[in-house]
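The values are calculated or read from the model by the stated rules, or taken from the named source; none is laboratory data. In this text the structure is predicted, and so the values were computed from the model without any measurement. Ideal geometry is used to build each Cβ from the backbone, glycine not excepted, and the neighbour counts take in all protein chains shown. When the accessible area is computed, the model is the full protein with side chains, heavy atoms only, and any ligands, DNA or RNA have been set aside. Shrake-Rupley method; radii C 1.70, N 1.55, O 1.52, S 1.80 Å.
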Amino acid sequence: MISTSNVSLAYGKRTLFEDVSIKFTPGNCYGLIGANGAGKSTFLKILSGEIDPNTGTVDIPANARLAVLRQNHFAYDEHPALQTVIMGHKRLWEIMQEKDAIYAKPDFNEADGLRAAELEGEFADMEGWNAEYEAAELLSGLGITENLHYSLMKDLSGSEKVRVLLAQALFGNPDILLLDEPTNHLDAESIMWLENFLDNFQNTVIVVSHDRHFLDAVCTHIADIDFGKMQMYAGNYGFWYQSSQLALKQRTDANKKTEDKRKELEEFIRRFSANASKSKQATSRAKLLEKLTVDDIKPSSRKYPYIAFKPEREPGNQLLNVEGLSKTIDGTTLFSDITFMVDKGDKIAVLGRNDLAASSFFKIIMGEMQQDKGEYTWGTTITPAFFPKDNEEFFNTDLNLVDWLRQYSVEKDESFVRGFLGRMLFSGEESLKKANVLSGGEKVRCMFSRMMLQSGNVLVLDEPTNHLDLESITALNNSLQEFEGSLLFSSHDLQFVDTIANRIIELTPNGIIDRRLGYEEYLSDDYIKELRKKMYNTALV
């Protein structure tokens with residue numbers, strides 16, 4: 001268990017949170033949510049002792065072991081991956097090092113023997129003999145193949161380092177586990193493995209994530225930072241979101257009686273609980289139903305951008321025809337002999353084990369990269385609008401946002417341009433920010449404004465959820481579900497893909513896998529699993 005008492009933190013006149021007294025108990029997974037800048041990651045650092053609060057205390061039992069997902073990707077560069085994982089259990093690692101040093105002494109004496117015996121006893125109590133096996137299992141589950149287990153961290157890719165550090169945090173059954181964006185750089189299989197791991201984890205987990213599917217799969221509670229306070233809710237993110245929307249609706253319905261509101265709340269909880277896929281969540285919601293009153297659910301102060309892509313004209317029957325496309329970069333074949341046609345109403349998720357595959361494919365069909373072989377043809381009625389994963393080149397300017405967006409607008413009137421910025425939550429002085437000082441999420445929202453002005457009837461989006469907060473992801477998700485044109489996109493957000501795509505195309509070094517399925521069905525299909533192994537010439541972990 002870990003708890004806080006009257007914890008407050010402010011930077012100058014800006015208060016992140018004040019007088020937070022909250023308790024996180026074993027057997028539960030808490031999703032820590034809040035708008036960008038609310039202090040989610042900062043709160044985790046207070047819990048871990050990395051940052052001291054202005055007031056208040058953090059209480060952890062003296063014998064409890066706390067593990068944190070480390071963000072320093074270079075701290076373990078001279079250590080092998082397997083060793084780095086074991087180092088996550090500091091005391092176990094110290095024992096192993098001291099034991100090895102004693103046994104390596106050329107003048108081993110009686111005192112050394114007694115000390116070694118003490119260490120061996122403590123080592124056995126910690127089940128140290130299973131350490132390498134457990135570490136290897138964690139690495140394999142997170143997609144680090146066995147041939148990399150003894151590679152130095154400095155020789156691994158950035159994505160591989162992140163996975164090793166996640167395995168380090170999970171290692172040794174910590175009493176308290178703090179995870180800040182643990183699904184970053186993980187593929188769908190690794191995310192599902194992590195979901196299963198945490199669902200079976202018996203201790204305390206506190207997690208920050210922008211992955212809604214992940215939060216729904218693992219969380220038994222949501223801790224919401226809002227109005228400078230922290231409020232605890234039973235249930236997962238989807239339950240919190242829908243209940244906060246219900247509270248907002250009820251607050252605006254001034255004429256509805258309290259009894260009617262209570263019945264509406266009970267009906268909502270009953271329906272949501274019936275759909276629970278996890279037993280822990282179902283139990284939490286059943287307890288919630290017994291205690292919750294109308295006053296317990298509160299509308300959120302979050303603001304959701306208004307994203308609406310409206311095609312300027314109806315597309316003809318010929319949208320996009322791709323024939324025999326192939327691309328190799330630096331000796332690595334990203335995809336070869338890719339052939340397919342886009343039909344009206346297609347919303348296609350483009351996948352690839354190598355992230356460069358989808359990005360390179362999108363750049364090719366948008367004329368920004370040359371293919372090695374093959375060709376593609378856009379229909380004469382098609383106006384594609386493109387969202388690139390890397391948008392830095394668009395913001396290397398000191399123009400304010402009004403003038404920045406005006407560049408891409410046929411209509412130059414300032415009020416017209418400000419209207420599009422306002423939809424993306426840039427109003428008043430916010431719209432006069434310089435383009436080159438924007439955060440990652442702000443840049444993405446500006447790119448959406450630019451796309452909306454293009455009025456494309458086919459959208460091409462490469463990882464559009466990167467850098468976005470949960471509110472913006474939800475708004476984008478809803479918009480693309482409602483979009484009447486066709487769509488090609490990539491994303492690591494499972495819920496985003498599953499709720500939008502009606503067709504999955506996977507680009508492999510040995511051809512294409514093309515199925516009209518939902519994403520979760522695609523991932524769970526045994527035939528497709530075997531086909532993917534053959535297409536990649538390797539077993540998927």
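Being loosely packed, with under 13 Cβ neighbours inside 10 Å and in a helix (DSSP H, G or I) is the filter here, so list the residues in the range 100-117 that pass it. The answer is 100, 101, 103, 110, 111, 113, 114, 117.
Test each condition in (1) at pLDDT below 90; (2) of a type outside the set (Val, Ile, Thr); (3) in a loop (DSSP other than H, G, I, E, B) for residue 290 and report the one that comes out false. With (1) at pLDDT below 90; (2) of a type outside the set (Val, Ile, Thr); (3) in a loop (DSSP other than H, G, I, E, B) applied to residue 290, the lone miss is (3). Would you check if residue 412 is basic (Lys, Arg), in a loop (DSSP other than H, G, I, E, B) and surrounded by 15 or more Cβ atoms within 10 Å (Cβ to Cβ)? Judged against the criteria, residue 412 is not a match.
Give 92, 82 a once-over and let me know the one that is surrounded by 17 or more Cβ atoms within 10 Å (Cβ to Cβ), closer than 30 Å to residue 3 by Cβ, of a type in the set (A, V, I, L, M) and at pLDDT 90 or above. One residue alone meets the criteria, 92. The set of residues in the range 153-162 being modelled with pLDDT of 90 or more and in contact with a His (Cβ under 7 Å, 6 or more places away or on another chain) consists of 153, 161, 162.
Go through the range 183-207 and give me each residue that's open to solvent by less than 10 Å² (accessible area, probe 1.4 Å) and either over 21 Å from residue 64 (Cα atoms) or of a type outside the set (Val, Ile, Thr) (or both). Residues satisfying the conditions are 186, 190, 191, 194, 198. Among the residues of the range 242-268, none is identified as modelled with pLDDT under 70 and under 27 Å from residue 217 (Cβ atoms). If you go through the range 118-129 and pick out every residue that is open to solvent by less than 80 Å² (accessible area, probe 1.4 Å), within 40 Å of the chain's Cα centre (by Cα) and among the hydrophobic types (A, V, I, L, M, F, W, C), you end up with 3.
Per-residue answers, yes or no, for (1) touching a Lys or Arg at 6+ places or on another chain (Cβ under 6 Å); (2) open to solvent by 10 Å² or more (accessible area, probe 1.4 Å):
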site	(1), (2)
502	yes, yes
510	no, yes
515	no, yes
521	no, yes
528	no, no
531	no, yes
534	no, yes
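There is no residue in the range 423-431 that is at pLDDT 95 or above, over 20 Å from the mean Cα position of the chain (by Cα) and buried (at least 17 other Cβ atoms within 10 Å of the Cβ). When residue 362 is tested against (1) under 25 Å from residue 475 (Cα atoms); (2) assigned to a helix (DSSP H, G or I); (3) out of contact with any strand residue (DSSP E or B) (no Cβ under 6 Å at 6 or more places or on another chain), only condition (3) is not met. Restricting the search to helices (runs of 4 or more DSSP H) fully inside the range 430-541 and requiring at least 1 residues that are within 20 Å of residue 391 (Cα to Cα) gives 440-454, 470-482.
Checked against the criterion of being open to solvent by 30 Å² or more (accessible area, probe 1.4 Å), closer than 26 Å to residue 71 by Cβ, modelled with pLDDT of 85 or more and among the charged types (D, E, K, R), the candidates 224, 211, 216 yield just one match: 216. Taking each residue of the range 162-178 that is among the basic types (Lys, Arg) and looking for partners that are open to solvent by 10 Å² or more (accessible area, probe 1.4 Å) with beta-carbon atoms closer than 9 Å, six or more apart or interchain, yields 163/143; 163/156; 163/185.
On the given criteria, is residue 140 crowded, with 19+ Cβ neighbours inside 10 Å and closer than 30 Å to residue 494 by Cβ? Considered against the rule, which asks whether it is crowded, with 19+ Cβ neighbours inside 10 Å and closer than 30 Å to residue 494 by Cβ, residue 140 comes out as no. Checking the stated criteria, residue 42 turns out not to satisfy the condition of being open to solvent by 60 Å² or more (accessible area, probe 1.4 Å), over 22 Å from residue 137 (Cα atoms) and not in a loop (DSSP other than H, G, I, E, B). Residues in the range 432-442 that are open to solvent by 20 Å² or more (accessible area, probe 1.4 Å) and not aliphatic (A, V, I, L, M): 433, 434, 436, 439, 440, 442. Pairs meeting the criteria (first residue in the range 416-436 and more than 21 Å from residue 476 (Cα to Cα), second residue part of a helix (DSSP H, G or I), beta carbons under 7 Å, at least 6 apart or on different chains) are 432/401; 432/402; 433/401; 435/395; 435/401; 435/404; 436/395.
Taken over the range 46-62, residues that are touching a residue at least 40 places away in the same chain (Cβ under 8 Å) and open to solvent by 30 Å² or more (accessible area, probe 1.4 Å) amount to 11.
Within the bounds of the range 340-357, is there any residue that is of a type in the set (Gly, Ala, Ser), open to solvent by 30 Å² or more (accessible area, probe 1.4 Å) and over 30 Å from residue 158 (Cβ atoms)? Scanning the range 340-357, I find at least one residue that is of a type in the set (Gly, Ala, Ser), open to solvent by 30 Å² or more (accessible area, probe 1.4 Å) and over 30 Å from residue 158 (Cβ atoms), so the answer is yes.
Take the residues in the range 174-185 that are touching a strand residue (DSSP E or B) at 6+ places or on another chain (Cβ under 9 Å) and either in a loop (DSSP other than H, G, I, E, B) or of a type in the set (Val, Ile, Thr) (or both); name whichever of them is nearest to residue 40 (Cα to Cα). Residue satisfying both the conditions and the ranking: 181.
Residues of the range 187-227 that are closer than 21 Å to residue 472 by Cα, outside any helix (DSSP H, G or I) and out of contact with any Lys or Arg (no Cβ under 7 Å at 6 or more places or on another chain): 207, 209, 210, 211, 219, 222, 223, 224, 226, 227.
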